[in-house]
Amino acid sequence: MDAATSSGSAVAAAEATAAQTLAALGADRERGLSSDEAAARLRKDGANEVPEKTRHPVLLFLRHFWGLSAWMLELIALLSYVLRKQADLRVAIALLLVNAILGFVQEQRAAAAVALLRRRLDVQARALRDGHWSPVAARSLVKGDLVRVRAGDFVPADMQVVDGALKVDQSALTGESQEVARRVDEMLYSGSTVRDGEATAVVTATGVQTFFGRTAQLVEGAQPKMHVEEVIARVVRWLFVIVGAMVALTLGVSIYQGLPLADTLPIALVVLMSAVPVALPVMFTVSMALGSMELARKGVLITRLGAVEDAATMDVLCADKTGTLTMNRLSLAGALPQPDFTEADVVRIGALASNEANADPIDLAFLRAAQERGLSSGEAVVRSFVPFSPATRRTEAIVEIDGVALRCVKGALRTVAAAAGLGDAAIAALEQAANAEAARGVRSLAVAQARGDEPLRLVGLALLHDAPRPDARQLIDALRALGVRVKMLTGDSLPVAREIARVLGLGEIARAPELRSLQQGGAARAAEVVAGADGFAEVFPEDKFRVVTTLQAAGRVVAMTGDGVNDAPALRQAEVGIAVSGATDVAKGAASAVLTTEGLANIVDLVRIGRSIYQRVLTWIVNKVSRTIMKAGLVVVAFLVTGKFVISALGMVLLVFMTDFVKIALATDRVRPSTAPETWNIGPLVRVAVALGLLMLAEALALLAFGWHRFALADDPGRLQAFTFQLLLSFALFSVVSVRERRAFHASRPGTALMAALAADAVAGVLVGLVGLGELSPMPPGQIALLYGCAAALVLGPNDWVKVVLTRWVGAA
């Protein structure tokens with residue numbers, strides 16, 4: 001269908017009434033479409049999505065021949081061709097191809113992993129099919145489907161309102177931020193966000209047929225530049241400065257000694273190459289993708305990869321009570337009826353003031369209680385329904401029973417009691433009774449009714465209970481052991497909040513209104529209260545944002561859980577915004593992580609896995625800094641002392657690739673997450689890495705000097721370069737084993753993949769030493785064994801001890 005046809009269809013639907021649209025689409029207002037009819041329409045019209053544009057795999061593969069590492073290899077290949085060094089040329093081309101193939105394969109795997117996660121984050125809609133309201137994937141909606149939308153939902157397709165009223169935000173489509181009212185017979189467009197109200201609407205267009213041609217894949221993960229990328233970029237820049245100075249010194253000495261530039265330029269390039277993070281993009285992609293997949297298996301879907309690294313540094317969790325600390329399943333614990341009414345009346349009227357289509361926890365609690373007690377609504381016909389909003393603090397329905405209109409209201413005690421005409425003394429007595437129930441964690445809602453034109457009468461108080469999760473206290477203790485303080489945020493009254501806090505082992509709970517008053521008087525006192533309290537009661541959505549920003553102003557790294565449309569600002573403001581199970585689409589869109597199961601267990605997993613990834617990144621940084629100083633320093637110092645290049649361009653390139661690609665396996669290494677929040681101030685650890693690099697440089701120079709005299713390496717450039725290659729490779733392999741642990745290297749066993757990669761690299765290196773490659777001459781097995789033995793003894797012995805001591809000294813243990 002072309003754009004004109006699509007636009008014409010939308011206009012035609014907008015000009016028809018909802019009843020006419022229902023008839024034209026063959027939709028039953030009471031039962032919706034049948035499952036068979038929906039499946040048939042899905043096969044005919046296709047999924048409710050706009051196919052994503054994808055780049056051709058060949059172009060993605062060719063992209064790996066463009067970039068700093070690729071340019072270095074291509075330049076070395078060109079110089080090898082000009083200098084007629086055929087062996088170096090073939091190896092450089094082979095390494096260039098291996099780099100491109102490995103990068104492409106890992107990139108495709110990571111893309112597949114992210115695509116899988118995004119499919120699990122598909123928007124869900126509530127559709128009426130076969131006479132029942134049920135959740136349906138938005139991509140499965142078809143024309144004629146009856147869909148229920150309410151505040152917090154994305155509009156999943158072009159639809160026409162059948163009943164109800166809404167306020168929608170179309171800014172994502174039109175750029176206009178002003179909310180637009182939508183009533184019966186008016187159109188809702190795919191991609192809009194419902195800000196207020198609720199309605200039933202019939203789908204008029206899906207997928208590419210929608211008016212704006214928007215995709216139903218509405219939950220997209222923003223991926224800003226991550227802290228780790230900025231940190232490593234700074235490290236690499238400093239390495240280039242250091243190595244660049246060494247190269248300039250080398251070239252200056254070469255020119256002074258009259259050496260041909262063609263002989264010195266290749267080695268200058270590969271010394272620079274030693275500072276290039278060859279495998280860094282692949283290692284990070286694999287590490288983050290594997291971490292996200294592991295979290296997905298544990299019930300955490302990552303929508304922004306930066307959330308994984310931020311979880312390593314978070315030290316405060318602001319947890320929504322409902323669904324995170326409690327079961328998120330309200331049940332009716334009883335009722336306190338008014339005179340002339342019974343407990344059954346409270347339940348029945350409360351159920352009539354509820355709407356099953358909204359799947360609201362309070363509504364469902366009343367409906368379940370009415371069903372369990374056999375309190376059928378009989379022939380009640382709902383004439384209107386006004387959902388709960390923070391402004392009115394109540395829900396209200398007008399139903400007709402046997403020709404008589406019955407007004408049914410439920411909501412906040414003081415609000416409903418005042419509407420029913422109760423005086424201050426009566427309200428105070430009710431609040432006293434409610435407070436007594438609240439002392440044991442029971443929440444009270446007022447229920448009222450009015451027949452015909454009669455005034456509203458209070459029917460009684462309904463007692464609702466959301467029990468703490470059995471594992472909540474244990475998991476709060478687990479987070480405390482990880483250095484993360486938990487603060488409970490709840491809209492409940494102070495007595496209810498304190499009772500829940502007592503059961504969970506939390507301390508002082510403050511009132512959010514008091515925090516608002518304090519902030520008006522000065523930020524310092526408010527910050528003190530936020531820091532000292534273990535939670536807040538009577539919280540409004542804006543209070544959550546206020547708590548988050550106050551903590552951040554004090555230098556804390558904050559995680560925030562939420563589920564509603566009004567939680568979105570706080571979720572987006574927090575470093576780690578977590579949309580809890582059952583959250584609205586808007587909350588999911590604002591969050592950086594989405595929980596698929598209830599409770600805190602998956603948040604504990606998020607912290608531990610985030611810190612594990614942080615540890616792997618630290619291993620890469622320390623290893624890269626120390627080895628770059630060792631490699632570049634060895635080449636430059638040896639040249640200045642002997643006037644010879646102790647390793648060829650081929651040898652250095654081969655060494656860089658063999659050791660860097662081993663470090664891809666760091667993404668799967670078995671590491672010990674820290675028991676305290678991490679920090680991206682890695683200056684102390686970089687200083688440790690510099691010290692280790694200088695120590696290994698001194699040891700390598702001593703071994704090279706020994707080999708120079710003991711094995712007469714000066715007489716044979718091929719043997720000299722082979723000796724240096726094996727020397728640098730052996731130190732590199734054992735260095736990975738050492739620096740992966742901040743404690744002694746034997747405190748934990750490396751992961752299987754890392755051990756296999758190290759072993760394979762060692763075998764390949766020994767084979768190169770025994771057989772020779774290009775300018776690298778074959779070596780006697782005894783010399784290879786000597787180098788590996790010395791490297792193991794030095795790196796895993798005194799060097800590892802120095803690492804542990806320095807790490808503790810700089811406070812990074």
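The values are calculated or read from the model by the stated rules, or taken from the named source; none is laboratory data. Everything numeric here is computed off the predicted structure, so don't read it as measured data. Every residue, glycine as well, gets a Cβ built from its backbone with ideal geometry; the counts of neighbours run over all protein chains shown. These accessible areas exclude ligands, DNA and RNA; they are computed on the full protein's heavy atoms, side chains included. Shrake-Rupley method; radii C 1.70, N 1.55, O 1.52, S 1.80 Å.
Here are a few things to note about the model shown:
- Each Lys or Arg adds one and each Asp or Glu subtracts one; over the other residues with Cβ under 12 Å from the Cβ of TRP620, this totals +3.
- The stretch 515-539-the stretch 769-813 distance, computed between alpha-carbon centres (Å): 56
- Amide H within-cut-off set for SER34, under 5 Å, with H built and near neighbours excluded: ASP130
- Annotation: the chain has a Kirkwood hydrodynamic radius of 30.8 angstrom, from the mean reciprocal C-alpha pair distance.
- Beta-bridge orientation, the chain: approximately 80 percent antiparallel, per DSSP, counting only bridges with both partners inside.
- Here the Karplus relation 6.51 cos²θ - 1.76 cosθ + 1.60, evaluated at θ = phi - 60°, turns the backbone of the stretch 549-556 into coupling constants of 5, 5, 5, 5, 5, 8, x, 8 Hz, with x for every Gly and Pro.
- The mean sequence distance of close C-alpha pairs (under 8 Å, at least 6 residues apart), as a share of the length of the chain, puts its relative contact order at 12 percent.
- The calculated FRET efficiency for ARG743 paired with ASP477, based on their beta-carbon distance and R0 = 25 Å, is about 0.55.
- Between 0 and 90 degrees, the angle of helix 472-481 with respect to the longest Cα principal axis of the chain falls at about 30 degrees.
- Sites ALA436 and ALA760 - FRET efficiency at Förster radius 56 Å, r taken between beta-carbons, to 0.05: 0.20
- Carbon + sulfur, % of accessible area of the chain - ligands and nucleic acids excluded, 1.4 Å: 58
- In this structure the amide hydrogen of VAL557, modeled in the peptide plane, comes within under 5 Å of the amide hydrogens of ASP315, VAL316, none closer than 5 places in sequence on its chain.
- Amide H to amide H, with H built 1.01 Å from N, ALA165 comes under 5 Å of GLU198, counting only residues 5 or more places away or on other chains.
- Degrees separating the helix 523-532 axis from the principal Cα axis of the chain, which is the longest one: 90
- Between 0 and 90°, nearest 10: helix 683-710 axis offset from the chain longest Cα axis: 20
- For the pair GLU379 and LYS644, the difference between a 0.36 nm per residue extended length and the Cα-Cα distance amounts to 85.5 nm.
- Solvent accessible area, Å² - LEU794, 1.4 Å probe, full protein context: 50
- Sequence-ordered 3J(HN,Hα) estimates for the stretch 96-101 from the Karplus curve with 6.51, -1.76 and 1.60 and θ = phi - 60° stand at 4, 5, 4, 4, 5, 5 Hz, glycine and proline given as x.
- Relative contact order [Cα under 8 Å, 6+ residues apart], the stretch 390-516, whole percent: 21
- Computed 3J(HN,Hα) for the stretch 740-756, one whole-Hz value per residue from the Karplus formula 6.51 cos²θ - 1.76 cosθ + 1.60 where θ = phi - 60°, is 5, 10, 7, 8, 4, 4, 8, 5, 8, 8, x, x, 4, 5, 5, 4, 5, glycine and proline marked x.
- Each peptide in 536-542, 203-209, 655-661 receives the mean, over its residues, of other Cβ atoms within 10 Å, and ordering these scores from highest gives 203-209, 655-661, 536-542.
- Computed helical MRE - 222 nm, the chain, DSSP H runs ≥ 4 contributing -39500 (n - 2.57), nearest 500: -17000 deg cm²/dmol
- Per residue, the accessible area of the chain comes to 42 Å² when a 1.4 Å probe rolls over the protein heavy atoms.
- Rounded to the nearest 0.05, the FRET efficiency derived from the C-beta distance between GLN371 and ARG90 at R0 = 51 Å is 0.10.
- Listed pairs LYS167/LYS588; LYS487/LYS588; LYS487/LYS803; LYS298/LYS663; LYS167/LYS410; LYS321/LYS410 exceeding 29 Å between Cα atoms: LYS487/LYS803
- Normalised contact order of the stretch 284-404, rounded percent, pairs of Cα under 8 Å and 6 or more residues apart: 15
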